1. Average partner chain C-beta neighbours within 10 Å, per residue of B:392-402?
2. Name the residue from B:Val147, B:Asn397, B:His311 whose Cα lies farthest towards the positive end of the charge dipole of chain B, charges +1 on Cβ of Lys and Arg and -1 on Cβ of Asp and Glu.
3. Calculate, in nm to one decimal, what B:Asp88 and B:Glu29 gain on full extension: separation in residues at 0.36 nm each, minus their alpha carbon distance.
4. Per residue of A:37-47, count partner chain C-beta atoms within 10 Å of its C-beta, then hand back the mean as an integer.
5. Along each principal axis of its Cα atoms, how long is the range B:1-77 end to end? Whole angstroms, biggest number first, please.
6. Any idea what diffusion coefficient the range B:222-298 gets from Stokes-Einstein, in µm²/s, Kirkwood Rh on alpha carbon pairs, 20 °C, 1.002 mPa s?
7. Mind scanning B:Lys54/B:Lys357; A:Lys65/B:Lys66; A:Lys83/B:Lys66; A:Lys47/B:Lys32; A:Lys47/B:Lys233 and naming the pairs with a C-alpha gap bigger than 30 Å?
8. With N residues in the range B:274-362, what two-decimal value do you get for its Cα radius of gyration over 2.2 N^0.38 Å?
Amino acid sequence: MFLINCPFCGEREQSEFKAGGEAHIVRPKQPTELSDDEWAEYLFMRKNIKGVQFERWNHIHGCRKWFNMVRDTSNDQIKAIYKMGEKPPVE
Amino acid sequence: MKNKYSIFSLIKNAFSYHENWEKAWKDPEPKKEYDAVIVGGGGHGLATAYYLAKKHNMKNIAVVEKGWIGGGNTGRNTTIIRSNYLWDASAGLYDHALKIWEGLSQELNYNVMFSQRGVMNLAHNLQDVRDLKRRTHANRLNGIDAVYLDTEEVKKFCPIINTSQDIRYPVLGGTLQRRAGTARHDAVAWGYARGADEMGVDIIQNCEVKGIKRNGDTVEGIETTKGFIKTKKIGVVAAGHSSVIANMAGLKLPLESKPLQALVSEPVKPIIDTVVMSNAVHAYVSQSDKGELVIGAGTDDYVSYSQKGTHDIVEGTLNAILELYPIFSRMRMLRQWGGIVDICPDASPIISKTSIKGLYFNCGWGTGGFKATPGSGDLFAHTIANDEPHKLNAAFNINRFVSGDLVDEHGAAAVAH
């Protein structure tokens, strides 16, 4: 159990949120021109980092807005939270 | 040659207060070079080493383990064994494992306490009923024993279940696989370790892999906390940490590592003589030989390597348990823990070669790897020794995420992932 500081609502319990996986995976601009390997990379392959990872979260039982989070997956400590479209903080 | 475990060795050792049992496996320092190195000393890794030595005559091999053997997910699961999977590929894989389980204690001369007490899966809504009936038919076509039970038969098979139709998720029926059951998880690791050690396999504990050395597209060895080990074949069976090892080799895997929790109650007299799983409300329960209720909870939805899950998951599971088994309402829980499971997008494992020559991965078992331990080891050993998959694990190659030929067991596999 940990607390998440929603950029729209403030600090709430983690159980109000839904994790949305790795952040900054850009949807291909020309999907029709993608090879099978590139599709696999986009759809399935994940960094799954042990350590500092960039993620998307959704405040699904609150404002229902998406935002980004920088979190250390080895101890679940949140390093930074920023809105969608904002530049990720440099470590 | 190790002494055989038997009633006579037990009696003999009783006279010396059990102080003179020989060591079940040595504790060697790594050699400079091996024909193959298995990364990960859990059940799957030790089984892989055992079958490499036994069936493929590869004796100069090592298992490296960063902690102690069987100390990861092998020692953290709820020990359920079954093979009632929907798809043909999965049915083949898991039933192969179940058939090995049936003779494993004799083969290893080590009591893995395999108990075919049956596994019952419950249906709580009309869609569950349809799905479970479909899976029962699919199982029987694949030669796997499965029967569908109506509510009364469920009650008869496990009388403590609350089959009132007035509860939030009433029991509408269930399936039963009688050959399924449980085993003692530590014994599986120890039995395979003892067997592998006897055939000359080096089991090296407290040895963490720090890097994988490549020469172009071929592996040359591994960097470890106990120095460099040269080898041409590396079999990675690192469960939740598979992606970490893959990153060392410059590979990306389709995995996410998440916490999965389980808990046990205080020990009580025998009350439930089978395993009951409920997909819809995510609660499963069995009773250990010590008398503890063994309860499996769900995964959290975020990536974590912390071996800790959230309290909400445990609470949700216990809510469901209490509705289904009101008799447990005053039981106290004794221990609760988490393990890190590596989940594939299609909830099926990967037992496969990779784009790097000599590097093999056995991962993605997600929430249900324990049941497959012997089969996984056998098939992974075959894949490593022949540099080609066995026909039973051909479908579980890593390339399926490129070809799209997924083995989608999400929801179909009799339990939520």
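No value in this document is a laboratory result; all are computed from the given coordinates. Keep in mind that what you see is a predicted model, and the values were worked out from it rather than measured. Reconstructed Cβ throughout: ideal geometry from the backbone, glycine too, with neighbour counts over all protein chains shown.
1. Values: counts 0, 0, 0, 0, 0, 0, 1, 3, 2, 8, 10.
The shielding value for this peptide is 2.
2. Sorting the options by dipole projection puts first B:Asn397.
3. Values: separation 59, 0.36 × 59 = 21.24 nm, distance 4.30 nm.
Contour length minus the Cα-Cα distance gives 16.9 nm.
4. Details: counts 3, 1, 3, 9, 4, 0, 5, 11, 10, 9, 7.
Whole-number average of other-chain Cβ neighbours for A:37-47 is 6.
5. On the principal axes, the range B:1-77 reaches 41, 31, 24 Å in Cα extent.
6. Working: Rh = 16.2 Å.
For the chosen part, D equals 132 µm²/s.
7. On the way: B:Lys54/B:Lys357 24 Å; A:Lys65/B:Lys66 41 Å; A:Lys83/B:Lys66 39 Å; A:Lys47/B:Lys32 32 Å; A:Lys47/B:Lys233 24 Å.
Checking Cα-Cα distances, A:Lys65/B:Lys66; A:Lys83/B:Lys66; A:Lys47/B:Lys32 exceed 30 Å.
8. Working: Rg = 16.9 Å, N = 89, 2.2 N^0.38 = 12.1 Å.
My calculation over the Cα atoms of the range B:274-362 gives 1.40.
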